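As C-alpha cells, the structure follows; a few thoughts come after it.
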C-alpha cells in the first residue's frame, strides 16, 4: 500500500483536492458515478478487503436527561480497504436481520471497489428486488451505502456534503421531536407543553414535532380530536406563531379519520401533518392532500425513488420525509430529493436513529437545494450520541452544521470499540 510519503501518491492526492475544490466532485443530477468517480480514479485502485458487523452490548446504560433507553438501537457496518480507509455505515432499529443480510451480501462486496457507489447499489438492489425488496435488505443496503460514501470522503479528503453537490446553505434548521419517551429534563409532554416550548424557544429552536392524537384503532372520535387540539392550542398560547408545529400520527388512522384530523388542524397553520395513514396507497393520500390546506408529509417508511414516484405522480404529498438508514442510503436519498424538486416538493429528513444517521443527515441537508427543515432530538444529541461519538454536532440557535472533516466526519469514541460495548464480528476478509 502506498503512503503519503510516496511523491506520486501525494501528487495524485493534491490533484484530487484541487479538482474537488473546483466542484469537480459532485452528485450533479443525483449520480456519484460520473465526475466524482472520474476524479477519484486518480487514486490507486481500491478494494474492500474486510467487512465487519458491529452491534452493541445490551449492558450499555447511558441514562441522564430523563429520556430514552440507555441501549443502542442501531448497528454499524465497517468496510476496510487495501488503501487503509475504513468506512462506517449505520442502520436501525434491529440488528439480527440486518447483519444476517450483510453476511448474505458479503460476496457482492468483498474485493469490490467501494467507490463504485451506484454500481454496487444497483447490484444489491436488483438482488433484493427480485425477492421482494424491503425490510432488513433495504436497511442494510442503506448502511453499506453510508460506509461507501464515508470511504469516498476520506479518500478525497473532503467532507460528505462536498461530494453531493456542496453547500446550498451555511447551516441546517432543525425542529425537535418531543415525546415523553424522549423527555427534556424531566419535562413531560402532553396538553400542557408550556415548559418544553419555552425551553426550546430559549435555544432558538422554533419548530417541534408532537403526537397529540390518540385512539384505540383507526377510527378517532370527535372528543379525541378535540383533546389532541388542546396540545396545539397550548403551543399557540405560549409561543403564538413563533413555534412551527409538525404533527405525526405514526400511520394509525383510516382515510375518514385522517380527513377529519386534517380539517380540524386547518385553523392552526401547522407546518405539516406526517404519516396520518399507513403508506400503502398513494391514491388515498392523494384524496387527502387534494381536500385539505394542511401540508401532507410522508414518509420515513418509504424507500427508493421507485416507491416515491407514485406519490409524486398522484400529487399525494407536499413534503417528503425519508430516513437515510432506511430509504436506500445517502445517494438514494439525494436522488429522491432531486426527483421531488422537479415537483417543487421540499425535503424534511427523519433522523431519530443513531449518531451516524445524525451526521449523514446534516451533510445531506447542507447540500439539498429543496431542503425545508430537519428532525433533531434533544436527548439524543445531548446524552446518547456523545457516548459513541466525540464530536457530535449540537444545534446552535436552532441550526446545526456538519463537521469539516473527511467523509461523515464522525470521530468514533475508541473506548467503545475496545471495552466490550461494541461486539465486532468479522463477516468476510481477503
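Quick notes on this one:
- Condition check for residue 209: in a strand (DSSP E or B) and either modelled with pLDDT of 95 or more or surrounded by fewer than 21 Cβ atoms within 10 Å (Cβ to Cβ) (or both): yes
- Selection of segment 212-237 for residues being under 20 Å from residue 257 (Cβ atoms), in contact (Cβ under 8 Å) with a residue 40 or more places away in the chain and in contact with a strand residue (DSSP E or B) (Cβ under 7 Å, 6 or more places away or on another chain) yields only 231.
- Hits in segment 185-211 (condition: in contact with a strand residue (DSSP E or B) (Cβ under 9 Å, 6 or more places away or on another chain) and more than 18 Å from residue 374 (Cβ to Cβ)): 189, 193, 195, 196, 197, 199, 211
- Any hit, segment 114-125, residues being in contact with a strand residue (DSSP E or B) (Cβ under 9 Å, 6 or more places away or on another chain), part of a loop (DSSP other than H, G, I, E, B) and either assigned by TED's automatic domain parsing to the domain that holds residue 308 or touching a residue at least 24 places away in the same chain (Cβ under 8 Å) (or both): yes
- Search result, residues across segment 358-380 that are crowded, with 24+ Cβ neighbours inside 10 Å, farther than 15 Å from residue 331 by Cβ and either free of Cβ contacts under 8 Å to residues at least 40 places away in the same chain or not assigned by TED's automatic domain parsing to the domain that holds residue 392 (or both): 358
Residue by residue, here is whether (1) at pLDDT below 95; (2) outside the structural domain of residue 263 (by TED's automatic domain parsing); (3) surrounded by 17 or more Cβ atoms within 10 Å (Cβ to Cβ) holds:
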| position | (1), (2), (3) |
| --- | --- |
| 195 | yes, no, no |
| 200 | no, no, yes |
| 223 | no, no, no |
| 226 | no, no, no |
| 232 | no, no, yes |
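- Yes/no for residue 204 being at pLDDT below 95 and in a loop (DSSP other than H, G, I, E, B): no
- Unique match (being buried (at least 18 other Cβ atoms within 10 Å of the Cβ) and without any contact (Cβ under 8 Å) to a residue 60 or more places away in the chain) among 128, 146: 128
- Restricting 297, 317, 327 to residues that are assigned by TED's automatic domain parsing to the domain that holds residue 348, under 16 Å from residue 351 (Cα atoms) and part of a loop (DSSP other than H, G, I, E, B) narrows the list to 327.
The values are calculated or read from the model by the stated rules, or taken from the named source; none is laboratory data. Please read these numbers as outputs of a predicted model, since none were measured by experiment. So basically every Cβ, Gly included, is an ideal-geometry build from the backbone, and we count neighbours across all protein chains shown.
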